Amino acid sequence: MRVIANHALCQGHARCEDLCPEVFATDAVEGKVVIVQEEVPAALEDKVRLAVRNCPEGALRVAKSGPAEGAA
C-alpha cells in the first residue's frame with residue numbers, strides 16, 4: 001500500500017501526523033504534509049487508513065503498491 005498527498009488541498013492541520021507519525025510529518029516551512037514512508041509497512045496500514053479518513057481537506061489517499069504514478 002502507498003499513501004499519496006495532494007499538497008494543493010493540504011491545509012496543515014497535521015491530524016495525519018498526530019495519528020501516524022511513522023508515516024506523516026509536517027513541512028517546517030509551508031506547514032503541509034510530508035510523506036516520510038510512501039510505501040506503508042503492513043503493520044501501519046490501519047493507522048494510515050485512519051489518518052487518511054481524518055484529513056479534513058481530503059488531501060490524502062491510499063493506493064495499491066506498484067510503480068509511481070506517471071511512470072512509463
Scanning the stretch 15-50 residue by residue, the ones that are over 15 Å from VAL62 (Cβ atoms) and touching a Phe, Trp or Tyr at 6+ places or on another chain (Cβ under 8 Å) total 3
Among (1) at pLDDT 95 or above; (2) not in a helix (DSSP H, G or I), the one test that ALA28 misses: (1)
If you check every pair at least six apart or on different chains, which have Cβ atoms under 7 Å apart with a residue in the stretch 25-53 that is hydrophobic (A, V, I, L, M, F, W, C) first and a residue that is assigned to a helix (DSSP H, G or I) second? ALA25/GLU17; VAL33/CYS16; VAL40/VAL48; LEU50/LEU19; ALA51/ARG15; ALA51/CYS16; ALA51/LEU19
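Quick one: which of GLN11, GLN37 is surrounded by 13 or more Cβ atoms within 10 Å (Cβ to Cβ), in a loop (DSSP other than H, G, I, E, B) and of a type in the set (S, T, N, Q)? Before you say what the answer is, go through the steps one by one.
Numbers: GLN11 fails: surrounded by 13 or more Cβ atoms within 10 Å (Cβ to Cβ).
Just one listed residue meets the conditions, GLN37.
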Yes/no for GLU17 being in a loop (DSSP other than H, G, I, E, B) and surrounded by 11 or more Cβ atoms within 10 Å (Cβ to Cβ): no
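Applying the selection to the stretch 40-58, what residues are among the small types (Gly, Ala, Ser), exposed (fewer than 12 other Cβ atoms within 10 Å of the Cβ) and within 18 Å of LEU9 (Cα to Cα)?
Of the residues in the stretch 40-58, the ones among the small types (Gly, Ala, Ser) are 42-43, 51, 58.
Checking which are exposed (fewer than 12 other Cβ atoms within 10 Å of the Cβ) leaves us with 42-43, 58.
The one that is among the small types (Gly, Ala, Ser), exposed (fewer than 12 other Cβ atoms within 10 Å of the Cβ) and within 18 Å of LEU9 (Cα to Cα): GLY58.
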How many residues does the stretch 40-72 hold that are part of a loop (DSSP other than H, G, I, E, B), hydrophobic (A, V, I, L, M, F, W, C) and at pLDDT 95 or above? 3
List every residue pair whose Cβ atoms lie under 9 Å apart, where the two residues are 6 or more positions apart in sequence or sit on different chains, the first residue falls within the stretch 8-24 and is over 12 Å from LYS47 (Cβ atoms), and the second residue, located anywhere, is in a loop (DSSP other than H, G, I, E, B) and of a type in the set (Lys, Arg). CYS10/LYS32; GLN11/LYS32; GLY12/LYS32
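The values are calculated or read from the model by the stated rules, or taken from the named source; none is laboratory data. Treat the numbers as computed from the prediction; the structure is a model and nothing was measured. FYI the Cβ positions are ideal-geometry reconstructions off the backbone, even for glycines, and counts take in every protein chain you see.
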